[in-house]
Amino acid sequence: MSWEAWYTLAVVAVVVVILTRDLLPPAGAFLAALVAVLVPEIIEPGEAFSGFSNPAPITIAALYVLAGAVEKTGAVTTFVSSVFGSNGSTRVALARITVPTATASAFLNNTPIVAMLIPQVERWSESRGRSPSRYLMPLSFAAILGGVVTVIGTATNLVVSGLFVAEGMEPIGFFEITKVGLPMAIIGIGVIVLLSPVVTPDRRSAYQEMVEDVRQYAVEMAVAPGQALDGKTVAGGRLRDLRGVFLAEIERDGDVIAPVAPDTVLHGGDLLHFFGMSDDIVDLQAIPGLVSTEHHHVVDLDTARSNYFEAVVGEASPLLGRTLKEIGFRSRYQAAVIAIHRGGQQVEGKLGSIRVRLGDTLLIVTDPGFRRRWKDSNHFLLIARLGGLPPGTSAGARRTGLVGLGVVVLAATGITSLIAAVLLGAVAIVMLGVLTPGEARESVNLDVVVMIAAALGLAEAMNTSGLAEAVADRVVDMFGDGSGVAVLFGVVLATTLLKEFVTTNAAAVLIFPIAISTATSLGLDPRAFGMAVALTAASSFLTPIGYQTNIMVYGPGGYRFTDYLRLGVPLTAVTITTTMVLVPVFWPL
């Protein structure tokens, strides 16, 4: 290989390490890689930034606006929740949940769909004495399977479509991928319904642990009138930085003060709600001016005065790798964390000193406006109000449904291009008043859009430097046996492994140039290889970090990292088998 190819390989290797170890958000990693190949002139500036003019990032940005409208109006919530049913076996319930979820995910971004349905599935299962863990992982997997049915079902399909355009080929047609994606989804849903009751474990969610094990970390104390704490501030009364416990909220004359600031003045008769480890409650008993109310219970949830939320930490959150104390959680978010749930169990220790990890679920007490303030930020992947009601249907939901239907009809019939249809839909959402211009702007996940655009530039560097061709030669040497099927399997296998440790979009971008070069060197149809990459990369089931909906259900379902393998391995086998059998049929090698 030339020095340019070796250099580009080193850059790609660094990107993979950064992504697998969560050292930087994906957008930052790919932008840095783009600069790294631009400075030594591996590619020209026009090639480096060609991804920003590619249809894929723009199409995805417009689809985020449509997804924002769906989330605001609850346009899909009623459609899915109406078929939950009140009775039936676990398998019947799974079918009622997974089939409509997959159907909706074929035409809409699956992230907001899963975000809206998680609280509903939790309430539905708990009201029937069933563990949410039986249904939340299947919910995520069904949404992923639905995403491979159409080109707009997942951003990964659109990324590969944009890569086809960059290679001078036709973009993926609206229903072109359906020929393989639909059988894959049907078989996958069948596997979920059949195997999930057997292999999916019963786990307690973060909320269930808070309610059932509350005496481990909840206690109510009162400020004795006229004694040491009456008239002092919280900080002055040394109620900050207690060992193993902290003051979450104050109840005073029927009102709740939460979170509690250090300069809050205490009044006699105030009820103070502390959270922490039961072994450290002795600290409170020793503080002059505090008396026990003999009330060892959690504050009533979901009152008009204060609300409880569960928030899942995503890959772009500034919380990652930092403690709650370092980031100043209470003052920054106007909220207090009362527990951290990780890997199927509550994290023990002083909350302020625990470093937050990807997929952690934070149980938060705050005011009712917390979700509105933070739901569109990258700080949390999911914010679910415990016990809250889902958004109801409205005129906005009907308008959103009609606009979505119009986008599908325009794109599927070829009346307009896909990018024109989704841009028209995004404009219509704003013009019809479903979203304000500000809400539309906030609904776009710029990190994803920038990451994809920068990744497309890195893919161009892999081609220009000769790296893609060199790696393709190695793939042919390893899997070549005189037939294209073995080589195709090598590409599918590489995509399968990579996607579980980096994002699905990143895996598609990194493998696609190699797949196309491999097909070209053997005189095979490059479209078949590209479609195989799209189908394989978009289907991530083996780990919670492979796809964001898997992370979203990780904490609420109380799952452990290895739980995903139980159902994920059979579904991955379905993905690989379906791809290997059907891709050569519809795109002959």
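Considering Cα pairs under 8 angstrom that are at least six residues apart, work out the relative contact order of the chain and quote it in whole percent. In percent, rounded to a whole number, it is 22.
Expressed as a rounded percentage, what relative contact order does region 45-201 have, with Cα pairs under 8 Å and six or more residues apart?
Values: 190 pairs, mean separation 40.3, N = 157.
Reported relative contact order: 26 percent.
Could you order peptides 45-58, 96-109 by the average number of other Cβ atoms within 10 Å of their residues, highest first?
Details: 45-58: 18.5, 96-109: 23.9.
Listed from highest to lowest mean packing, they are 96-109, 45-58.
Rg/Rh for region 463-545: what does it come to with C-alpha atoms and Rh from Kirkwood? Result for region 463-545 is an Rg/Rh of 0.97.
Using the 1.4 Å probe convention, the accessible area of region 405-544 works out to 35 Å² per residue with neighbouring protein chains retained. Ligands, DNA and RNA left out, the 1.4 Å accessible surface of region 523-586 is 70% carbon and sulfur atoms.
Once you've got the Cα coordinates, tell me which of Lys375/Lys499; Lys72/Lys325; Lys325/Lys499; Lys350/Lys499; Lys350/Lys375; Lys179/Lys499 are over 30 Å apart. Listed pairs above 30 Å: Lys72/Lys325; Lys325/Lys499; Lys350/Lys499. Each peptide in 465-471, 529-535, 579-585, 514-520 gets a packing score, the mean of other Cβ atoms within 10 Å over its residues, and the list from highest to lowest is 529-535, 514-520, 465-471, 579-585.
In the chain, a dipole from Cβ-located charges (positive for Lys and Arg, negative for Asp and Glu) runs towards its positive end, and of Phe370, Pro262, Met169 it is Phe370 whose Cα lies farthest in that direction. Other residues with beta-carbon under 14 Å from the beta-carbon of Ser50 carry, at +1 per Lys or Arg and -1 per Asp or Glu, a net charge of -4. Heavy-atom surface analysis with a 1.4 Å probe gives region 4-54 a carbon and sulfur content of 69 percent of its accessible area.
Mean projection of the alpha-carbon convex hull of region 408-548 over all orientations, in nm²?
Quarter of the Cα hull surface area: 10.8 nm².
Taking all protein chains together, Asp253, Asp202 sort by accessible area into Asp253, Asp202, largest first [probe 1.4 Å]. Considering only Ile429, Thr562, Val476, and ranking their Cα positions along the charge dipole of the chain that arises from unit charges at the beta-carbon of Lys, Arg, Asp and Glu, the one farthest toward the positive end is Ile429. The equivalent ellipsoid of the chain has semi-axes of 46, 26, 23 Å, largest first, where each one is the square root of 5 times an eigenvalue of the Cα gyration tensor.
Kindly provide the Kirkwood hydrodynamic radius of region 91-144 in Å, to one decimal, from all pairs of distinct alpha carbon atoms.
Numbers: mean 1/r = 0.0911 Å⁻¹.
The answer is 11.0 Å.
Protection proxy ranking for 111-117, 350-356, using the average of other Cβ atoms within 10 Å per residue and placing the highest first: 111-117, 350-356. For region 535-589, the Kirkwood radius over C-alpha pairs fed into Stokes-Einstein at 25 °C and 0.890 mPa s yields D = 200 µm² per second.
Only helical DSSP H runs with n ≥ 4 go in: add -39500 (n - 2.57) per run for the chain, normalise by residue count and round the 222 nm mean residue ellipticity to 500 deg cm²/dmol.
It lands at -17000 deg cm²/dmol.
Just the number, please: carbon plus sulfur as a percent of the accessible area of region 305-347, 1.4 Å probe, no ligands or DNA/RNA counted. Ligands and nucleic acids excluded, carbon and sulfur give 45 percent. Multiplying the residue separation of Val581 and Ile187 by 0.36 nm and removing their Cα-Cα distance gives an extension gain of 140.5 nm.
Using a probe of 1.4 angstrom and keeping all protein chains present, the accessible surface of region 153-194 works out to 34 square angstrom per residue. For region 329-484, the C-alpha radius of gyration sits at 1.55 times the compact-globule guess of 2.2 N^0.38 Å, with N the residue count. For Glu249, the residues 5 or more places off, or on other chains, whose built amide H falls under 5 Å of its own are His273.
The values are calculated or read from the model by the stated rules, or taken from the named source; none is laboratory data. From a predicted model like this one, the values you see are computed outputs, not experimental measurements. Cβ coordinates were reconstructed from backbone atoms using ideal geometry, including for glycine residues, and neighbour counts include every protein chain displayed. The protein model used for the area step is the full one, side chains on, heavy atoms only, and it has no ligands, DNA or RNA in it. Shrake-Rupley method; radii C 1.70, N 1.55, O 1.52, S 1.80 Å.
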